[in-house]
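Here is the structure we will look at.
The values are calculated or read from the model by the stated rules, or taken from the named source; none is laboratory data. Remember, it's a predicted structure, so these values are computed and weren't measured experimentally. In this analysis, Cβ positions are derived from the backbone assuming ideal geometry, glycine residues included, and neighbour counts consider all displayed protein chains. Quick note on the areas: whole protein, heavy atoms, side chains included, nothing else; ligands and nucleic acids left out. Shrake-Rupley method; radii C 1.70, N 1.55, O 1.52, S 1.80 Å.
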Amino acid sequence: MFLTRSIPVRTAEELAGMRRAGRVVGEMHERIREAIRPGVTTEALDRIGRDVLERRGATSNFLGYHGYPAVICASPNDVVVHGIPSEDVILAEGDVVSIDCGAIVDGWHGDAAFTAGVGEIGPQERALIAVADAALAAAIDAMVDGGRLGDIGAAVQTVVESSGFAVVRDYTGHGIGRAMHEDPAVHNTGRAGTGTRLRSGNVLAIEPMVSTGTDETVVLADGWSVLTADGSWSAHTEHTVAVTDDGPEVLTVLS
Ligand code: MF3
Ligand code: CO
């Protein structure tokens, strides 16, 4: 109990800054989502992200992060997270692709991801995306004053495992604010009623990663792309979320 560090509490002014960053991420999502179709390259999707950042006077928290070469991550099919956009990655009908975007405005960070189908997708792929979306929604619901960090992981784990999918445990969500990655780690498994107390003004990036098969991952020789160890397809969803007196507030949305 004495070793549990509390999560930073943002003032109303600080939250307003984070909302501005989140709004840019929400716009990147909307523009990129519209462009996802068979034949598009993930490089083209990255260019859309760069265009939004430039127009909004925002900068990228991904570009140059430990040498990362793009402003989005684009992770198709068995790529769980951190897929590098490329002219050689051409999305095809039936694929699923996870798009992760971030932005910095006035020093404040936003970070969010979604998974979409490419053209018509099969029933298993639709279920995968629906479960990842439902897991994120359940985790967001847990972002209430007086709740616990463990409630978030428990919510994700319950939704994912009760649907017969697996939670990828090798990566986590995180605190976010003046840096993209701050303490604490936000695990996608856990026990409700345990862990650090959540307070109004806390902001966390929550990011369930779901596999149709194994929860084990491998990293490609490019040093970034994280794949499921058995080639199962996977989905990733993420929002930057604030705890407020009026309940959870998703910051990474356009409206
Ligand atoms: N946005 C990712 C996360 O959710 C991190 C991206 S790593 C980068 O934590 F190198 F692409 F920036
Ligand atoms: Co994140």
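Output the residues belonging to region 201-216 that are touching a residue at least 60 places away in the same chain (Cβ under 8 Å), open to solvent by 10 Å² or more (accessible area, probe 1.4 Å) and more than 16 Å from ligand 2 (Cβ to nearest atom).
Result: Thr212, single match.
Among the candidates Gln124, Gln157, which residue alone is assigned to a helix (DSSP H, G or I) and either within 13 Å of ligand 2 (Cβ to nearest atom) or surrounded by fewer than 18 Cβ atoms within 10 Å (Cβ to Cβ) (or both)?
After applying the criteria, what remains is Gln124.
Out of all the residues in region 1-37, which are open to solvent by 60 Å² or more (accessible area, probe 1.4 Å) and closer than 30 Å to Ile121 by Cβ?
Correct list: Arg23, Glu30, Arg31, Arg33, Glu34, Arg37.
What do you reckon, is Pro76 without any contact (Cβ under 8 Å) to a residue 24 or more places away in the chain and either more than 16 Å from ligand 2 (Cβ to nearest atom) or in contact with a helix residue (DSSP H, G or I) (Cβ under 7 Å, 6 or more places away or on another chain) (or both)?
Details: without any contact (Cβ under 8 Å) to a residue 24 or more places away in the chain: no; either more than 16 Å from ligand 2 (Cβ to nearest atom) or in contact with a helix residue (DSSP H, G or I) (Cβ under 7 Å, 6 or more places away or on another chain) (or both): yes.
No: the conditions fail for Pro76.
Are there any pairs, at least 6 apart or on different chains, whose C-beta atoms fall under 7 Å, with the first in region 84-113 and open to solvent by 10 Å² or more (accessible area, probe 1.4 Å) and the second assigned to a loop (DSSP other than H, G, I, E, B) and of a type in the set (Phe, Trp, Tyr), and if so, which?
From residues that are open to solvent by 10 Å² or more (accessible area, probe 1.4 Å), the pairs are Ile84/Trp224.
With the requirement that a residue be assigned to a strand (DSSP E or B) and either open to solvent by 50 Å² or more (accessible area, probe 1.4 Å) or among the aliphatic types (A, V, I, L, M) (or both), what does region 160-195 give you?
Those that are assigned to a strand (DSSP E or B) and either open to solvent by 50 Å² or more (accessible area, probe 1.4 Å) or among the aliphatic types (A, V, I, L, M) (or both): Ala166, Val167, Asp183, Ala185, Val186.
Does region 221-228 contain at least one residue that is at pLDDT 95 or above, open to solvent by less than 30 Å² (accessible area, probe 1.4 Å) and touching a Phe, Trp or Tyr at 6+ places or on another chain (Cβ under 9 Å)?
yes
Checking Leu198 against (1) more than 16 Å from ligand 2 (Cβ to nearest atom); (2) open to solvent by 50 Å² or more (accessible area, probe 1.4 Å); (3) under 18 Å from Val250 (Cα atoms); (4) touching a Gly at 6+ places or on another chain (Cβ under 7 Å): exactly one of these is not met. Which one?
(2)
Filter region 51-66 for residues that are surrounded by fewer than 16 Cβ atoms within 10 Å (Cβ to Cβ) and part of a helix (DSSP H, G or I) and give the result.
Scanning region 51-66 gives Asp51, Glu54, Arg55, Tyr65, His66.
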